[in-house]
1. May I ask you to list the residues in region 25-39 that are over 16 Å from residue 59 (Cβ atoms) and open to solvent by less than 100 Å² (accessible area, probe 1.4 Å)?
2. Just a yes or no: is a residue in region 46-58 in contact with a Pro (Cβ under 9 Å, 6 or more places away or on another chain), closer than 17 Å to residue 198 by Cβ and among the β-branched types (Val, Ile, Thr)?
3. Among the numbered criteria (1) more than 20 Å from residue 221 (Cα to Cα); (2) modelled with pLDDT of 95 or more, which single criterion is violated by residue 96?
4. Which of the strands (runs of 3 or more DSSP E) contained wholly in region 10-117 include at least 3 residues that are out of contact with any Gly (no Cβ under 9 Å at 6 or more places or on another chain)?
5. Would you confirm whether or not region 313-327 contains a residue that is within 28 Å of the chain's Cα centre (by Cα), of a type in the set (Lys, Arg) and farther than 13 Å from residue 266 by Cα?
6. So, in region 84-104, of the ones that are closer than 16 Å to residue 167 by Cα and not β-branched (Val, Ile, Thr), which residue ends up most open to solvent (accessible area, probe 1.4 Å)?
7. Let me confirm something: among 146, 155, which residue is in contact with a Leu (Cβ under 8 Å, 6 or more places away or on another chain) and either open to solvent by 40 Å² or more (accessible area, probe 1.4 Å) or in contact (Cβ under 8 Å) with a residue 12 or more places away in the chain (or both)?
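The values are calculated or read from the model by the stated rules, or taken from the named source; none is laboratory data. The structure displayed is predicted, hence computed values, not measured ones. With ideal geometry, Cβ positions are generated from the backbone for all residues, glycine too; neighbour counts draw on all protein chains shown. Just the protein is used for accessible areas: all its heavy atoms, side chains included, with ligands, DNA and RNA removed. Shrake-Rupley method; radii C 1.70, N 1.55, O 1.52, S 1.80 Å.
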Amino acid sequence: MYSFKNDYSEGAHPRIIDALVKGNLEQTDGYGRDPHSENAARLIKKKINRQDVDVHLLVGGTQTNLTVITAALRPHQAVIAVQTGHVCLHETGAIEATGHKVVAMTADDGKLTPALIQSAVDAHTDEHMVQPKLVYISHSSELGTIYSKAELEAIRTVCDANGLYLFVDGARLASALTAQTADITLPDLARLADVFYLGGTKSGALFGEALVIVNDALKPDFRFLIKQRGGMLAKGRLLGIQFECLFADDLYLELGVHANRMAMRLKDAFTAAGVSMLSDSYTNQQFPILPDTLIEKLRQDYKFEIQQKLENGMTAVRFVTSWATVSSEVDAFIACFNKLIKH
């Protein structure tokens, strides 16, 4: 049974495993003060063309989101996010558990707009309500969609007009940056966001997210917050080595290209068969709308997620490809799908 369930089913890229094995008996300082972590930060700064940022390596996405939002908000302040955003649906109320409300705005394509952000601000008028202070977006979104440079610039403008921080969740940033419709680069993100991260867990690493803090106001005492929130890994070199491998050359983007290429082959097969899609995604998440009867047949040989139940016996499902998705397995799935959909 082959899995299209997520993009972290496999372990890590062989170059990362080799580097971890090579450095296994090396003695280094802990908690991110090792040469590998420091070099990874230098490599990332070079890639984004900024030396005036702080780079922190954390273990996972929820931990990173929670720590950033803790650093950015005062107790009475809130986050603006789209209703499908990771902080809304898939973090077990981690943000709310710290006393910060997530103001969820509804959008069909998984993306916030300036109008939605302004509407959220305008709806919170006085001290009897939470005060929106941070805009959270995912690039790519939870529906596989991406922001254009013009869209991100417009969001930056509305954030500036309302005194809001802009935080970009980059758990699937490698896929977003390398999509065939993408026009945002890493330097663009460093110019437009107050804080963002480069996801490793879903992009070839065993685990890890590289957080980049651009806004000086968010930098002080951040390591204190990482420690307090349980995010400071004693064996920090395990993170440093992985991000060294991903950013020493173009491996990070190359893995995104592969994941997208596999996903686009799936999308082409779905659309060629006349299947409607829940979103117009050019990244590694695809959401075909299929008959329930076909889904049950496909599930005999393939793993994938149910996204949304629809009417008339139809369901939107999610297929995810990864840096390690095997081309021949995509061929086999397409052959199976085409055979089943004809019967």
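1. Across region 25-39, the qualifying residues are 26, 28, 35, 38, 39.
2. Checked region 46-58: at least one residue is in contact with a Pro (Cβ under 9 Å, 6 or more places away or on another chain), closer than 17 Å to residue 198 by Cβ and among the β-branched types (Val, Ile, Thr).
3. Residue 96 satisfies all of (1) more than 20 Å from residue 221 (Cα to Cα); (2) modelled with pLDDT of 95 or more except (2).
4. 77-82
5. The answer is no; no qualifying residue exists.
6. 101
7. 155
Matching residues to (1) in contact with a Gly (Cβ under 9 Å, 6 or more places away or on another chain); (2) basic (Lys, Arg); (3) within 22 Å of residue 113 (Cα to Cα):
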| position | (1), (2), (3) |
| --- | --- |
| 148 | no, no, yes |
| 151 | no, no, yes |
| 156 | no, yes, yes |
| 165 | no, no, yes |
| 171 | yes, no, yes |
| 175 | yes, no, yes |
| 184 | no, no, yes |
| 197 | yes, no, yes |
| 223 | yes, yes, no |
